[in-house]
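Student: Structure in structure tokens, see below.
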Amino acid sequence: MQLVLALFWIAWAGTLLFAQDTAGQPNYFYYVFFGLAVVFLGYVVLQNTSVFGVQSYIEVTRQYIVQKFGVFRTKHIIPIPDIKAVHISPLALRVTLLDESKVYLDLKQVRKKKDLEKIKIEIRDLASEHNFSVTEAAGYNA
């Protein structure tokens, strides 16, 4: 839908810019309008494709777990010391924090099976290091 809107905007701005009625008169508003349409099209393309590689990821380090959903989206950071428990299922990590709030991390963002296993192993290692519990979905052997 955003792509259709951007293309319609560019077509409309182009029509205003190159119409025969305004060919002799320079109207800078039309150039700004056309430029904004092109910028919006660039934003839509960057948001919805992996032009610069994968922009959505889950990262596990010794200090935090971070999840990012895309190029222009904010990162969601979970400090490791704030974790009370983690439940591992085939498609998600359910993190329970010390204040009893829950955070769900979608594992479908992780594209490679090797990377998925690496994340799960790192979570298990951090659990023993930081004393939080890790449970796994019934019948799921990782």
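The values are calculated or read from the model by the stated rules, or taken from the named source; none is laboratory data. The structure presented is a predicted model; accordingly, all values stated were derived computationally and were not measured. Every residue, glycine as well, gets a Cβ built from its backbone with ideal geometry; the counts of neighbours run over all protein chains shown.
Student: Tell me yes or no: at least one residue of the stretch 11-25 is touching a His at 6+ places or on another chain (Cβ under 7 Å) and either over 27 Å from Met1 (Cβ atoms) or at pLDDT 90 or above (or both).
Tutor: No, every residue in the stretch 11-25 fails to be touching a His at 6+ places or on another chain (Cβ under 7 Å) and either over 27 Å from Met1 (Cβ atoms) or at pLDDT 90 or above (or both).
Student: When you check Tyr57 against the structure, is it modelled with pLDDT under 80 and on the phi < 0 side of the Ramachandran plot, yes or no?
Tutor: It is true that Tyr57 is modelled with pLDDT under 80 and on the phi < 0 side of the Ramachandran plot.
Student: When only residues in the stretch 61-114 that are over 21 Å from Glu136 (Cβ atoms) and among the aromatic types (Phe, Trp, Tyr) count, which is modelled with the highest pLDDT?
Tutor: In this case the residue turns out to be Tyr64.
Student: May I ask you to verify whether Lys113 is without any contact (Cβ under 8 Å) to a residue 12 or more places away in the chain and either more than 17 Å from the chain's Cα centre (by Cα) or in the same structural domain as Phe69 (by TED's automatic domain parsing) (or both)?
Tutor: Yes; evaluated as a whole, the condition is true for this residue.
Student: Then there is this: Residues of the stretch 90-124 being surrounded by 15 or more Cβ atoms within 10 Å (Cβ to Cβ), in contact with a helix residue (DSSP H, G or I) (Cβ under 8 Å, 6 or more places away or on another chain) and outside any loop (DSSP other than H, G, I, E, B), which ones?
Tutor: Result: Leu93, Leu97, Leu107, Leu116, Ile119.
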